[in-house]
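What follows is a set of notes on a single structure, which appears directly below.
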Amino acid sequence: MKQGASFFIASVALVIVLFNSCGLKPFPCYITNVPMDSIHVNQEVSFDATCSDSGKEFYWEFNTPSDTSTYIQKIVTRSFDSAGTVEIFLLVINGGKQASKKDYITILP
């Protein structure tokens, strides 16, 4: 093999390795087992980020009037002990790329 061809093949291999290690930019997405506009106090709700595109790591944060809870997993099941507004934050990571989604839900009595 000629020297130029070896350099080209090595360069292409390096680009492929770098592309794969960085990954694609993820797209955050989640679904719940209960409609988000009808979640009640003490009702168990699953927050499932399986629908997120290109996600490898999942970080959740739930901010309620009484506390902040964090989770590091794809699916979180939890309940809320008081009525009011909850901020839901999901961060999805793939290699060196990340994307987030923030929603607000109202917990009903």
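Are any of the residues in the stretch 65-78 at pLDDT below 95 and not polar (S, T, N, Q)? Yes, the stretch 65-78 contains at least one residue that is at pLDDT below 95 and not polar (S, T, N, Q). Within the stretch 73-99, the set of residues being within 13 Å of the chain's Cα centre (by Cα), under 20 Å from S46 (Cβ atoms) and open to solvent by 40 Å² or more (accessible area, probe 1.4 Å) comprises Q73, K74, I75, F89.
Please go through (1) at pLDDT 95 or above; (2) within 20 Å of G84 (Cβ to Cβ); (3) open to solvent by 70 Å² or more (accessible area, probe 1.4 Å) for F62 and return the number of the only condition it doesn't satisfy. Against the list (1) at pLDDT 95 or above; (2) within 20 Å of G84 (Cβ to Cβ); (3) open to solvent by 70 Å² or more (accessible area, probe 1.4 Å), F62 comes up short only on (3). One residue stands out in the stretch 44-59 among those that are within 10 Å of V92 (Cβ to Cβ) and part of a strand (DSSP E or B): the one that is modelled with the lowest pLDDT, namely D53.
The values are calculated or read from the model by the stated rules, or taken from the named source; none is laboratory data. These numbers were taken from a predicted model, which means no experiment stands behind them. Because the Cβ atoms are built from the backbone with ideal geometry, glycine has one as well, and the counts that use them run over all protein chains shown. Side chains are part of the model used for accessible areas, which takes the heavy atoms of the whole protein and leaves out ligands, DNA and RNA. Shrake-Rupley method; radii C 1.70, N 1.55, O 1.52, S 1.80 Å.
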